[in-house]
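Pasting in a structure now, in structure tokens, and then I'll have a few things to ask.
The values are calculated or read from the model by the stated rules, or taken from the named source; none is laboratory data. Computed from a prediction, not measured in an experiment: that's the story for all the values here. A quick note on method: Cβ atoms are made from the backbone with ideal geometry, for glycine too, and the neighbour counts reach across all protein chains shown. The area values use the complete protein model at the heavy-atom level, side chains included, leaving out ligands, DNA and RNA. Shrake-Rupley method; radii C 1.70, N 1.55, O 1.52, S 1.80 Å.
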Amino acid sequence: MNETEESVGTGALTLDRSGMLGVLLVSLGTLMMEILLTRVFSVTMWYHFAFVAVSLAMLGLSAGAMAVYLMPKAFSPGRTRSAMALFSLVLAIAVAASTWIHVSLQFSANQMATFRAITLVLMLIPFTASGIVICLALTRFPNQVGRIYAFDLAGAAVGCVGVVVLLDAIGDVFTSLFMVCVLCALGGVLFAHGPVPSWLRSCAWSVALALLVLACLIGFRFAQGKPLIAVAWAKGAAEAPALLERWNSYSRIRVTGRTGSRALGLKIDATAGTRLWRFDGDRQSLADEPRVTGDLPPFVHAFRPGGSVAIIGVGGGQDMLAAHLMGQPRVTGIEMNGAITSALRHEFGEYTGRLDQLAGFELVNDEARSYLSRSDEHYDIIMATLIDTWAATAAGAFVLSENSLYTVDAWETFFDRLTPGGVLSFTRWYRGRYPGETYRLVAIAAEALRRRGVTHPASHMAVLKRGIHGNLIASNLPLSDADLDLLERLGRERDFEVRFSPRGTKDPVFSAIASNDLDSKVLSELPLDLSPSTDDRPFFFNMMPLRLLGGRADSSMYPADRANLEAVSVLVRLAEVIGGLVMLVVFVPLAFSLRRVRFAGSWPHMVFFAAIGTAFMLVEVSQLQRLAIFLGHPTYSLSVVLFSLLVASAAGSLTTSRIADSAIARLAPLLLLAMIGVLCAIGLVMPSLLHLMRSATMPGRIAVSVAMMLPMGFFMGMAFPAGIRLAGSGRSALTPWFWGVNGAMSVLASVVAVAIALAVGISATYWTGVAGYAVAVVSVWSMSKTATA
């Protein structure tokens, strides 16, 4: 076969092993690039724009497919291999150039809209190049589509785990990105290992070697503390020089300041801040520093002195230091960010007084809910101070995102880990006309206590306020008169206000929430959704009622939650824009091509590919969200869930390649019916099983997650290759368009999935996905009849 001849037909093409490995590398590189960009966007722009990288990737893949469909001469069968090699190199070069330009741009805060627009255009180029490569691979070799799709999925599966390992090992997102560029260029080298012009083969090797040298140079300069490429401006402000900068799979930490100063600043993703206090072991050295022991959160050590303390979210160690200065004998600090615990133990261990080595003190690198659910120890105090980072994780998380600490189910675990009379002490913002975060804390605590059989939750709680901070004290036993007397005395001594307690309230909203008075006029008139967040709807920070979700809510009503309000608005606008782009991508190319292709009778095919693209994304996102709660963090969810789902889907795709052409029309509807049966069974069993396994060790949780993902992924991976084979019977010219429809609907579904989960719950997202597959069954039945005829 000579692919340089224009007369080569699609059916005559075959892809050798090197070509399939090229597909694997391009798919792997594309997914890693997408995830790494969520990290970059979370730092350079606000956290909610990190989600745009995910939609942008899928939109680019669809745009690439439509380019193949609209330009059949440029992508003729005879040029397939050369085009795959060329656009793999375009992908590699474009990633490097777009990233470098993005972090080099300087825009003030009022110019961020322009900055975002430029960024989106720049980043669309590499994803479109990837879309061209993948589309050619999946549509130009119809007789091998099962195997090729399996390599595509396997590459994505390896990428979702590889990016976490790579980023955590290297500690620099830009070195990681340029290593991804090398992988994409190597994909081009593999594609060029065939009937392509010799200049293209030489070019592929040159690009791969040049990018490898550049990646090594960037890594070396980063290790020397003199980065060749770094974020110069973040969120419209210039970055200060850093004493330490580290990236990992869900954050970037930077420590700034002067080592001789009393405190250093530690910022997570350029926004969430905490302090590293200089401590030499002498308690008197910080006796005159009110920000350590005189602030609102440390008061709890005077309320329950001489006990055992668990601190959720250590940050710079301020809460641990305050507990030590106030005489607490046993303290366990739980911090899930390994970059922070490493900084406290190593780079700044001497500066902070090595808190983890104090007698009775322990620093644990773990997710707090998971750690406490496995622990047999009970505590007099479990405290958390402003635990949120506004950081998009490597799962591409929208931080309209799930938060496993602020759910009723989590607080049941926390109450279980208290000694009799022990207290939870959670501090959140208390600002503006409607301190929604403090309100919702009360709602969560009240519902968790009701689940434990408490009939009057209000007798177990008190709300305190000082400045812009609110603190909720909640006990597993009613607060005694002695507790309340002490609370009021501490309020006078430490200058905080008791806003709500069993003795009365200064805000009727707290009383209405604690008593679960849902018909209260006070609650019905609030422009907030204060329903307690649960594991099925774990979006603590989203309080916008459904009636306002699609509108333009007045941000002046939510001064403390303006960033979260903007995140909701971005979601709504993104859905509107993507909806328009989907219509554009799906129907405009079809209108331009009706003269050269026959569309009659293809509606079932279009519906099928649209349905499986939508359904796959809805099921995938719902499982990522649900198991992020179960496993403790979206990064674990990404590594375990997506990897298992994609590997199993690859196996399912390979299985369809073994089905004879004469049998595919008969078996395809039965395979999809079996898939729906599996999805229904798992959907019904999963909530109870996860609840039963909530105290299991991490290996046990991973095993349960994998066991549920494998059968789902196996059958879901069969749908696309079976559809392509059925469409290839007389409709091969339309297969790039079908692939584009599939990708475009996946883009839309990624946004819709988040919207459904926000509005109704994760379970609703999952069952909507199952319904989408039911639509696909009806469509494939019609396709099978046509193919048989």
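Please indicate, with yes or no, whether at least one residue in the range 684-691 is open to solvent by less than 30 Å² (accessible area, probe 1.4 Å) and more than 30 Å from Pro72 (Cα to Cα).
Yes, the conditions are met somewhere in the range 684-691.
Residue-by-condition table, conditions (1) within 25 Å of Ala169 (Cβ to Cβ); (2) free of Cβ contacts under 8 Å to residues at least 60 places away in the same chain; (3) open to solvent by 50 Å² or more (accessible area, probe 1.4 Å):
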| residue | (1), (2), (3) |
| --- | --- |
| Val231 | yes, no, no |
| Thr259 | no, no, yes |
| Arg262 | no, yes, yes |
| Leu266 | yes, no, no |
| Glu289 | no, yes, no |
| Thr293 | no, yes, no |
| His324 | no, yes, no |
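Something else now. Kindly evaluate Gly315 against the criterion of being buried (at least 18 other Cβ atoms within 10 Å of the Cβ) and touching a helix residue (DSSP H, G or I) at 6+ places or on another chain (Cβ under 7 Å).
When the stated conditions are applied, Gly315 passes them.
Tell me which of these Val165 doesn't satisfy, since it passes every other one: (1) open to solvent by 10 Å² or more (accessible area, probe 1.4 Å); (2) in contact (Cβ under 8 Å) with a residue 40 or more places away in the chain; (3) β-branched (Val, Ile, Thr).
Every condition holds for Val165 apart from (2).
Continuing with this model, one more query. Go through the range 630-703 and tell me which helices (runs of 4 or more DSSP H), entirely inside it, have 2 or more residues that are modelled with pLDDT of 90 or more.
It comes to 643-657, 661-692.
For the range 776-787, enumerate the residues that are of a type in the set (Val, Ile, Thr) and open to solvent by less than 50 Å² (accessible area, probe 1.4 Å).
Val777, Val780
How about the range 410-514: which strands (runs of 3 or more DSSP E) wholly inside it have at least 1 residues that are of a type in the set (S, T, N, Q) and surrounded by 15 or more Cβ atoms within 10 Å (Cβ to Cβ)?
418-429, 469-475, 497-501
Residue by residue through the range 601-625, note down the ones that are among the hydroxyl-bearing types (Ser, Thr, Tyr), in a helix (DSSP H, G or I) and open to solvent by less than 20 Å² (accessible area, probe 1.4 Å).
Of everything in the range 601-625, just one residue is among the hydroxyl-bearing types (Ser, Thr, Tyr), in a helix (DSSP H, G or I) and open to solvent by less than 20 Å² (accessible area, probe 1.4 Å), namely Ser622.
Against the condition under 30 Å from Asp485 (Cβ atoms), open to solvent by 30 Å² or more (accessible area, probe 1.4 Å) and modelled with pLDDT of 95 or more, how does Arg283 come out, does it pass?
When the stated conditions are applied, Arg283 does not pass them.
I've got another one for you. Can you tell me how many residues in the range 473-530 are in contact (Cβ under 8 Å) with a residue 40 or more places away in the chain and aliphatic (A, V, I, L, M)?
Within the range 473-530, residues that are in contact (Cβ under 8 Å) with a residue 40 or more places away in the chain and aliphatic (A, V, I, L, M) number 12.
Find the residue count for the range 68-100, including only residues that are closer than 16 Å to Leu124 by Cβ, surrounded by fewer than 24 Cβ atoms within 10 Å (Cβ to Cβ) and touching a helix residue (DSSP H, G or I) at 6+ places or on another chain (Cβ under 6 Å).
3
Follow-up. Which one is nearest to Leu386 (Cα to Cα), of the residues in the range 233-257 that are open to solvent by less than 30 Å² (accessible area, probe 1.4 Å) and among the small types (Gly, Ala, Ser)?
Per the stated criteria, the residue is Ser251.
Follow-up. Which of the residues belonging to the range 615-672 are closer than 18 Å to Gly723 by Cβ and β-branched (Val, Ile, Thr)?
Val619, Thr655, Thr656, Ile659, Ile664
Report yes if some residue within the range 44-57 is modelled with pLDDT of 85 or more and closer than 30 Å to Lys267 by Cα; otherwise report no.
yes
Another question, then. Among the numbered criteria (1) open to solvent by 10 Å² or more (accessible area, probe 1.4 Å); (2) under 16 Å from Pro736 (Cα atoms); (3) modelled with pLDDT of 90 or more, which single criterion is violated by Arg140?
It is condition (3) that Arg140 fails.
Counting only residues that are closer than 27 Å to Arg701 by Cβ and without any contact (Cβ under 8 Å) to a residue 60 or more places away in the chain, which one in the range 637-679 is surrounded by the most Cβ atoms within 10 Å (Cβ to Cβ)?
Out of the qualifying residues, it is Val678.
Out of all the residues in the range 285-305, which are over 23 Å from Gly257 (Cβ atoms) and not in a loop (DSSP other than H, G, I, E, B)?
Of everything in the range 285-305, those that are over 23 Å from Gly257 (Cβ atoms) and not in a loop (DSSP other than H, G, I, E, B) turn out to be Phe299, Val300, His301, Ala302, Phe303.
Which residues, taken from the range 679-722, are among the hydroxyl-bearing types (Ser, Thr, Tyr), over 21 Å from the mean Cα position of the chain (by Cα) and closer than 17 Å to Gln625 by Cα?
Passing the criteria: only Ser688.
Being farther than 26 Å from Asp366 by Cβ and basic (Lys, Arg) is the filter here; which residues of the range 662-714 pass it?
Arg666
Quick one: count up the residues across the range 70-119 that are touching a residue at least 12 places away in the same chain (Cβ under 8 Å), of a type in the set (S, T, N, Q) and in a helix (DSSP H, G or I).
Count: 9.
Can you tell me how many residues in the range 505-546 are out of contact with any helix residue (DSSP H, G or I) (no Cβ under 9 Å at 6 or more places or on another chain) and under 30 Å from Ser688 (Cα atoms)?
Here the count works out to 1.
Condition check ((1) over 23 Å from Arg246 (Cβ atoms); (2) at pLDDT below 95; (3) in a loop (DSSP other than H, G, I, E, B)) across all residues:
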{"residue": "Thr341", "(1), (2), (3)": "no, yes, no"}
{"residue": "His346", "(1), (2), (3)": "no, yes, no"}
{"residue": "Ala359", "(1), (2), (3)": "yes, yes, yes"}
{"residue": "Leu363", "(1), (2), (3)": "no, no, no"}
{"residue": "Tyr371", "(1), (2), (3)": "no, yes, no"}
{"residue": "Ile381", "(1), (2), (3)": "yes, no, no"}
{"residue": "Thr393", "(1), (2), (3)": "no, yes, yes"}
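Has the range 758-775 got any residue that is of a type in the set (S, T, N, Q), assigned to a helix (DSSP H, G or I), within 28 Å of the chain's Cα centre (by Cα) and crowded, with 23+ Cβ neighbours inside 10 Å?
Within the range 758-775 (the criterion being of a type in the set (S, T, N, Q), assigned to a helix (DSSP H, G or I), within 28 Å of the chain's Cα centre (by Cα) and crowded, with 23+ Cβ neighbours inside 10 Å), the answer is yes, since at least one residue qualifies.
Among all residue pairs at least 6 apart or on different chains, which show Cβ distances below 8 Å where the first residue, located in the range 269-282, is of a type in the set (Asp, Glu) and the second is crowded, with 18+ Cβ neighbours inside 10 Å and not in a loop (DSSP other than H, G, I, E, B)?
Hits for this filter: Asp269/Ser42; Asp269/Val43; Asp269/Tyr47; Asp269/Ser251; Asp269/Arg252.
Ok, one more. Count, please, the residues in the range 441-473 that happen to be out of contact with any Lys or Arg (no Cβ under 8 Å at 6 or more places or on another chain) and basic (Lys, Arg).
Qualifying residue count for the region: 3.
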